[in-house]
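Chemist: Okay, handing you the structure first.
The values are calculated or read from the model by the stated rules, or taken from the named source; none is laboratory data. What you see is a predicted model, and the numbers here were worked out from it, not measured in a lab. Ideal geometry is used to build each Cβ from the backbone, glycine not excepted, and the neighbour counts take in all protein chains shown. We work out accessible area using only protein heavy atoms, side chains counted, and drop any ligands, DNA or RNA first. Shrake-Rupley method; radii C 1.70, N 1.55, O 1.52, S 1.80 Å.
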Amino acid sequence: MTPSGLVLDVLRPDDAARCAELEALLFPDDDPWSARAFRDELRAGHHYLAARAGGRVVGYGGVALLPGRLGQPGEAEIHTIGVDPGHQGRGIGRALLDGLLAVADGIGATTFLEVRTDNAPALALYRSTGFEVVGTRRRYYASGADAYTMRRLPGPPRSADPPA
């Protein structure tokens, strides 16, 4: 369910500068992505969503998909999710994650991600959607912080909101 007044749609190249601005606010010590990095992700064909309030990007998230072959299940990797600090706690991160997982579930993908071991709100969100810790990456982030690798088995296919 999308929070009131929020529109989820596809992230566009002209959103990249705003996403980079949010990255710098959210992840200043962990090598925040540049506008170019966001544009490169879009050019590579990865699935990115924007959360907009009043037409302004207040959140973003992206997933890379690797469809299965010859009867093998697919895989997906959540690359990033971020929500403007002034809009956190309103369900925007969950709405973005749900949208990304709908796309991954649509191809029957097991989904992976990395998250800082000290990011309690993100860990709670991921666990609530079926992710489990499967490993630890020591000093994974530029700041030297550790990350958990988490995995979620595919759920039943469901409609993605918004359409891909």
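Chemist: With +1 assigned to the C-beta of every Lys and Arg and -1 to the C-beta of every Asp and Glu, and no other charges, what is the dipole magnitude of region 17-142 about the Cα centre in debye, to the nearest 20? Walk me through the numbers on the way to the answer.
Modeler: On the way: 14 positive and 15 negative charges, 35 e Å.
That gives a dipole near 160 debye.
Chemist: Take the alpha carbon atoms of region 99-128, find their center, do the same for region 57-95, and report the distance between the two centers in whole angstrom.
Modeler: 7
Chemist: Next question. For region 2-54, what's the relative contact order in percent, using C-alpha pairs closer than 8 Å and at least 6 residues apart?
Modeler: Normalised by residue count, the contact order of region 2-54 is 55 percent.
Chemist: Please identify, among 67, 121, 13, the residue showing maximal mean-square fluctuation in a Gaussian network model of the chain using a 10 angstrom Cα cutoff.
Modeler: Taking springs between Cα atoms under 10 Å, the residue moving most is 121.
Chemist: Same structure, new question: Please give me, ordered by residue number, the trypsin sites (Lys or Arg not before Pro) of region 76-147 that lie in loop per DSSP and have at most 14 other Cβ atoms within 10 Å.
Modeler: Here the trypsin sites (Lys or Arg not before Pro) that fit, given the DSSP loop and packing criteria, are 138, 139.
Chemist: Quick check on the chain: helices-only [θ] at 222 nm, where DSSP H runs of length 4 and up contribute -39,500 (n - 2.57) each and the sum goes over total residues. Nearest 500, please.
Modeler: -8000 deg cm²/dmol
Chemist: Moving on to the next point. Taking every DSSP beta bridge with both residues inside the chain, roughly what % is antiparallel (nearest 5)?
Modeler: Bridges in the chain are about 90 percent antiparallel.
Chemist: Sticking to Cα atoms, compute the Rg of region 51-128 to one decimal and its Dmax as the biggest Cα-Cα distance, whole number, in Å.
Modeler: Spelled out, the Cα radius of gyration and Dmax of region 51-128 are 13.7, 46 Å.
Chemist: Pick out, from 123, 144, 111, the residue whose Cα sits farthest towards the positive end of the charge dipole of region 77-148, with +1 on the Cβ of Lys and Arg and -1 on the Cβ of Asp and Glu.
Modeler: Farthest towards the positive pole: 144.
Chemist: Let me ask something additional. At a 1.4 Å probe radius, carbon and sulfur cover how many percent of the accessible area of region 3-97? Before the final figure, lay out each step's value.
Modeler: Values: 2430 of 4820 Å².
It is 50 percent, rounded to a whole number.
Chemist: Take the alpha-carbon positions of the chain, form their convex hull, and give its projected area averaged over all directions (one quarter of the hull surface) in nm².
Modeler: With every direction weighted equally, the projected area is 9.3 nm².
Chemist: As an exercise, identify the GluC sites (Glu not before Pro) in region 56-159 lying in DSSP coil whose Cβ has no more than 13 other Cβ atoms within 10 Å.
Modeler: Taking region 56-159 and a limit of 13 other Cβ atoms within 10 Å, no loop GluC sites (Glu not before Pro) are found.
Chemist: While we're here: What percent do you get for the relative contact order of region 93-157 when only Cα pairs under 8 Å and 6+ apart count?
Modeler: Relative CO of region 93-157 lands at 41 percent.
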